[in-house]
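Taking it in order: structure first as structure tokens, then the write-up.
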């Protein structure tokens, strides 16, 4: 377990450093960033906001399901930040690696993430039905590689979006940051709503949350399968 935690932290640091390096290289000066902002039209701003909200829906659905089982504020912050980071990185990767590779890698990651979401959901439902909800919930902590794979699975759509942003004349770097802000924000809102609903429905919150996660896992799996067709 300690090795997994160390590996996940190392991967997270590497991803964060790589992201900062990319952004620093692109926006080497504040004037350059402001120049990019001045070139964005109101229509593009609206389109980007709608796109960012659409990309954050899977993350919000996942967060609601997790919030229903109960989550600490520390864990909630960690989950939100990791998902937000992946929403920033994935469009950049999609732009860099091209179409075929991003679809292949995206499909594999999404199916893997869907399996993890399904396992968590099934364990939550089983724990509630067998009156072991508290024990099962404590075993479903989102840490290490499981958290990274979950964040990856709900950020896959941003991978393919990155392919078309540059061709449409959008600034990929600035757009990726916007996606990250929305991804983290919608995750935090989902966790809050899930936790509030869970406190109202009591023991049924874990059952409801497990059902939400299982449905989301099925959706992610079917979308991942489409990458291979």
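The values are calculated or read from the model by the stated rules, or taken from the named source; none is laboratory data. Model, not experiment: these values are computed from the prediction. As a convention, Cβ positions derive from the backbone with ideal geometry for all residues, glycine included, and neighbour counts pool all protein chains shown.
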For segment 61-74, which residues satisfy the criterion of being surrounded by 14 or more Cβ atoms within 10 Å (Cβ to Cβ) and over 13 Å from residue 151 (Cβ atoms)? 61, 64, 65, 67, 68, 69, 70, 71
If you check every pair at least six apart or on different chains, which have Cβ atoms under 7 Å apart with a residue in segment 119-142 that is at positive phi and outside any helix (DSSP H, G or I) first and a residue that is at pLDDT below 60 and buried (at least 20 other Cβ atoms within 10 Å of the Cβ) second? none
Only one of (1) assigned to a helix (DSSP H, G or I); (2) modelled with pLDDT under 60 is not met by residue 74, so which one is it? (2)
Sort through 194, 224, 169, 209 and tell me the only one that's touching a helix residue (DSSP H, G or I) at 6+ places or on another chain (Cβ under 7 Å), over 15 Å from residue 63 (Cβ atoms) and either modelled with pLDDT under 80 or surrounded by 24 or more Cβ atoms within 10 Å (Cβ to Cβ) (or both). 224
